[in-house]
Amino acid sequence: MILADEVIGHMNERVIIPREDEIEIVNRRKPSVSREDYLPYKADADGIAPMANCGDGYRIHVTGLTHDDQGYPAMNAEAQEQMVSRLVDKIRNNHEKIISTNNLFLDDAEVVVVSYGISARSSMQAVRNARNEGIKAGLITLETIWPFPEELIRNVARRAKAMIMAEINGGQMVLELERCACGSCPVSLVSNYGGAIIHPNLILNAISKAAKGKA
């Protein structure tokens, strides 16, 4: 699922388009059984179900309802438990491959800002300005929101003086930040409700206060 950001969506910037031979293509695993024995939603040991191409002759039934291994609706607790558990385990067992962050100045950071979307751009400017003022600030940009980078946050929180979440809402991901920081350091929120971009100076002010122990 892609979380669209209106401001980023309307930006114009230079991008680097990789050459075709630099792009890794990962094809979906194909069935290794006969057409008669194929079950479209029967997962292998790693929780991934081989997927046949439409037109290959395999029988496939698609539904948005809770379903069995054949793809037919199965409205019972057992089928629900089996299907949802498999989907959840796919994320949990592969969270290290899914989680992606862009980290800046974390090596010596005492005040760490965590942000995502366009707010991360404001946060980056604020962190750089703080550095110019002699404050050891750092930034964690969440390129993926979920799963949340719990291990990274815990490790950073243990050595930071304070952490700040910058987001354009009343406070959503800041709750995850507080949970993962586990009280190791103070956590504060910089936000607004009007939908406008958070000005870097608002984040810089929060960084300055946190550096002085006033977070």
ask   = Of all residues in the stretch 81-112, how many are loosely packed, with under 13 Cβ neighbours inside 10 Å and not hydrophobic (A, V, I, L, M, F, W, C)?
value = 10
remark   = Selection over the stretch 118-137 where residues are closer than 25 Å to GLY194 by Cα and touching a strand residue (DSSP E or B) at 6+ places or on another chain (Cβ under 8 Å) yields a count of 7
message = Whether any residue in the stretch 168-179 is surrounded by fewer than 16 Cβ atoms within 10 Å (Cβ to Cβ) and either within 25 Å of ASN93 (Cβ to Cβ) or modelled with pLDDT of 95 or more (or both) is what I want to check.
response = yes
query = Wholly within the stretch 49-168, which helices (runs of 4 or more DSSP H) include no fewer than the required count, namely at least 2 residues that are more than 18 Å from ARG179 (Cβ to Cβ) and of a type in the set (A, V, I, L, M, F, W, C)?
reply = 77-92, 118-132
request  = Please work out if ARG131 is surrounded by fewer than 19 Cβ atoms within 10 Å (Cβ to Cβ), at pLDDT 95 or above and either under 22 Å from the mean Cα position of the chain (by Cα) or more than 20 Å from LEU104 (Cα to Cα) (or both).
outcome  = no
inquiry  = For the condition among the acidic types (Asp, Glu) and part of a loop (DSSP other than H, G, I, E, B), what is the one hit in ASP21, ASP46?
reply    = ASP46
message = Quick check on the stretch 5-22: of everything there that is under 22 Å from the mean Cα position of the chain (by Cα) and not acidic (Asp, Glu), which residue is surrounded by the fewest Cβ atoms within 10 Å (Cβ to Cβ)?
response = VAL15
ask   = For the stretch 169-191, which residues satisfy the criterion of being closer than 19 Å to GLY117 by Cα, touching a strand residue (DSSP E or B) at 6+ places or on another chain (Cβ under 8 Å) and not in a loop (DSSP other than H, G, I, E, B)?
value = MET173, VAL174, LEU177, SER188, LEU189, VAL190, SER191
request  = Please enumerate the residues belonging to the stretch 146-167 that are of a type in the set (A, V, I, L, M, F, W, C), closer than 25 Å to GLU6 by Cβ and buried (at least 22 other Cβ atoms within 10 Å of the Cβ).
outcome  = ILE164, MET165, ALA166
inquiry  = Return the residues of the stretch 26-42 that are under 19 Å from GLN80 (Cα atoms) and either loosely packed, with under 14 Cβ neighbours inside 10 Å or modelled with pLDDT under 85 (or both); say none if nothing qualifies.
reply    = none
task = Filter the stretch 180-201 down to residues that are polar (S, T, N, Q) and within 20 Å of LEU106 (Cα to Cα) and give me whichever is surrounded by the most Cβ atoms within 10 Å (Cβ to Cβ).
result = SER188
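Every residue, every condition in (1) outside the structural domain of ASN192 (by TED's automatic domain parsing); (2) within 22 Å of the chain's Cα centre (by Cα), yes or no:
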| residue | (1), (2) |
| --- | --- |
| MET51 | yes, no |
| GLY55 | yes, no |
| ASP69 | yes, no |
| VAL84 | yes, yes |
| VAL114 | no, yes |
| GLN125 | no, yes |
| ILE140 | no, yes |
| ILE145 | no, yes |
| ARG154 | no, yes |
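The values are calculated or read from the model by the stated rules, or taken from the named source; none is laboratory data. What you see is a predicted model, and the numbers here were worked out from it, not measured in a lab. Cβ: placed from backbone, ideal geometry, glycine included. Neighbour counts: every protein chain shown.
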